[in-house]
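Everything on this sheet refers to the single structure shown next.
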Amino acid sequence: MYKRVLVATNGSALSERAVATAIDLALLSDAELIGLHVELIQSHGYFEGAMVLTPREMEGEREQADRVAQHLVDTIKAAALAMGVRSSQAIVVRSNQVAEAIV
(Lines give C-alpha, C1' and ligand atoms only; values in the text may rest on other atoms or scores of the structure.)
Protein backbone atom coordinates (compact mmCIF):
# COMPACT_ATOMS: atom_id res chain seq x y z
CA MET A 1 0.00 0.00 0.00
CA TYR A 2 2.55 2.63 1.18
CA LYS A 3 6.33 2.38 0.97
CA ARG A 4 7.08 5.33 3.26
CA VAL A 5 5.14 7.30 5.83
CA LEU A 6 6.41 10.80 6.65
CA VAL A 7 5.38 12.39 9.92
CA ALA A 8 6.48 15.88 10.90
CA THR A 9 6.60 16.80 14.57
CA ASN A 10 7.06 19.88 16.67
CA GLY A 11 6.77 18.06 19.99
CA SER A 12 3.23 19.25 20.73
CA ALA A 13 0.47 16.98 22.04
CA LEU A 14 -1.28 17.14 18.67
CA SER A 15 1.86 16.12 16.79
CA GLU A 16 2.32 13.22 19.24
CA ARG A 17 -1.10 11.96 18.19
CA ALA A 18 -0.05 12.28 14.54
CA VAL A 19 3.11 10.30 15.31
CA ALA A 20 1.09 7.49 16.92
CA THR A 21 -1.21 7.37 13.90
CA ALA A 22 1.75 7.39 11.50
CA ILE A 23 3.35 4.48 13.36
CA ASP A 24 0.09 2.53 13.12
CA LEU A 25 -0.14 3.28 9.40
CA ALA A 26 3.47 2.22 8.83
CA LEU A 27 2.80 -1.05 10.67
CA LEU A 28 -0.37 -1.76 8.69
CA SER A 29 1.36 -1.01 5.39
CA ASP A 30 4.72 -2.59 6.23
CA ALA A 31 6.18 0.81 5.35
CA GLU A 32 9.24 2.73 6.43
CA LEU A 33 8.55 5.58 8.87
CA ILE A 34 10.35 8.90 8.53
CA GLY A 35 10.18 11.23 11.50
CA LEU A 36 10.93 14.85 10.57
CA HIS A 37 11.38 18.01 12.60
CA VAL A 38 11.97 21.42 11.05
CA GLU A 39 14.14 23.48 13.35
CA LEU A 40 13.59 27.18 12.85
CA ILE A 41 16.69 29.21 12.17
CA GLN A 42 16.88 31.83 14.87
CA SER A 43 17.46 35.34 13.68
CA HIS A 44 19.32 37.62 16.05
CA GLY A 45 18.49 41.20 15.23
CA TYR A 46 20.27 44.27 16.33
CA PHE A 47 17.24 46.51 16.61
CA GLU A 48 16.78 48.97 19.44
CA GLY A 49 15.64 47.10 22.52
CA ALA A 50 16.68 43.71 21.17
CA MET A 51 18.65 41.43 23.43
CA VAL A 52 22.23 41.34 22.21
CA LEU A 53 23.87 37.93 22.37
CA THR A 54 27.51 37.15 21.95
CA PRO A 55 28.50 34.74 19.18
CA ARG A 56 29.25 32.16 21.87
CA GLU A 57 25.76 32.54 23.37
CA MET A 58 24.16 32.25 19.92
CA GLU A 59 26.16 29.08 19.25
CA GLY A 60 25.09 27.66 22.61
CA GLU A 61 21.43 28.35 21.82
CA ARG A 62 21.75 26.70 18.41
CA GLU A 63 23.42 23.63 19.90
CA GLN A 64 20.67 23.32 22.51
CA ALA A 65 17.98 23.62 19.82
CA ASP A 66 19.81 20.97 17.75
CA ARG A 67 19.85 18.58 20.73
CA VAL A 68 16.13 19.07 21.41
CA ALA A 69 15.23 18.61 17.73
CA GLN A 70 17.33 15.47 17.39
CA HIS A 71 15.80 14.04 20.57
CA LEU A 72 12.29 14.59 19.16
CA VAL A 73 12.95 12.58 16.01
CA ASP A 74 15.09 9.95 17.75
CA THR A 75 12.15 9.29 20.09
CA ILE A 76 9.88 8.71 17.09
CA LYS A 77 12.40 6.35 15.51
CA ALA A 78 12.83 4.36 18.72
CA ALA A 79 9.07 4.09 19.31
CA ALA A 80 8.47 2.94 15.74
CA LEU A 81 11.17 0.29 15.88
CA ALA A 82 9.98 -0.90 19.30
CA MET A 83 6.46 -1.36 17.91
CA GLY A 84 7.76 -3.40 14.97
CA VAL A 85 8.07 -0.93 12.11
CA ARG A 86 10.58 -2.50 9.71
CA SER A 87 12.63 0.66 9.17
CA SER A 88 12.64 4.16 10.58
CA GLN A 89 14.59 7.37 9.99
CA ALA A 90 15.04 10.45 12.16
CA ILE A 91 15.63 13.66 10.20
CA VAL A 92 16.15 17.26 11.36
CA VAL A 93 16.10 20.09 8.82
CA ARG A 94 16.99 23.71 9.63
CA SER A 95 14.82 26.27 7.85
CA ASN A 96 12.47 29.19 8.38
CA GLN A 97 10.22 27.85 5.58
CA VAL A 98 8.57 24.95 7.42
CA ALA A 99 6.15 23.81 4.72
CA GLU A 100 8.78 23.96 2.00
CA ALA A 101 11.26 22.06 4.17
CA ILE A 102 8.74 19.27 4.76
CA VAL A 103 8.03 18.95 1.04
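The values are calculated or read from the model by the stated rules, or taken from the named source; none is laboratory data. Note that the structure is predicted; figures quoted are calculated from it, not measured. Ideal geometry is used to build each Cβ from the backbone, glycine not excepted, and the neighbour counts take in all protein chains shown.
If you scan the stretch 66-92, which residues turn out to be hydrophobic (A, V, I, L, M, F, W, C) and surrounded by 15 or more Cβ atoms within 10 Å (Cβ to Cβ)?
Passing the criteria: ALA69, LEU72, VAL73, ILE76, ALA79, ALA80, VAL85, ALA90, ILE91, VAL92.
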Inset, instruction - Being touching a helix residue (DSSP H, G or I) at 6+ places or on another chain (Cβ under 8 Å) and either among the charged types (D, E, K, R) or exposed (fewer than 12 other Cβ atoms within 10 Å of the Cβ) (or both) narrows it down to one of GLU100, GLU32, GLU59, GLU63, so name that one. - result: GLU32
Inset, instruction - Examine the stretch 30-38 for a residue that is out of contact with any Asp or Glu (no Cβ under 9 Å at 6 or more places or on another chain), modelled with pLDDT of 95 or more and in a loop (DSSP other than H, G, I, E, B), and state whether such a residue exists. - result: yes
Inset, instruction - Answer yes or no as to whether ALA90 is in a helix (DSSP H, G or I) and among the small types (Gly, Ala, Ser). - result: no
Legend entry - Residue among GLY60, GLY84 that alone is touching a residue at least 24 places away in the same chain (Cβ under 8 Å) and of a type in the set (Gly, Ala, Ser): GLY84
Legend entry - Hits in the stretch 4-29 (condition: touching a residue at least 12 places away in the same chain (Cβ under 8 Å) and part of a loop (DSSP other than H, G, I, E, B)): THR9, ASN10, GLY11
Legend entry - Pick from the stretch 1-22, criterion touching a Ser or Thr at 6+ places or on another chain (Cβ under 6 Å) and among the hydroxyl-bearing types (Ser, Thr, Tyr), ranking: modelled with the lowest pLDDT: TYR2
Inset, instruction - Please tell me if LEU27 is within 25 Å of ARG86 (Cβ to Cβ) and either at pLDDT 95 or above or not basic (Lys, Arg) (or both). - result: yes
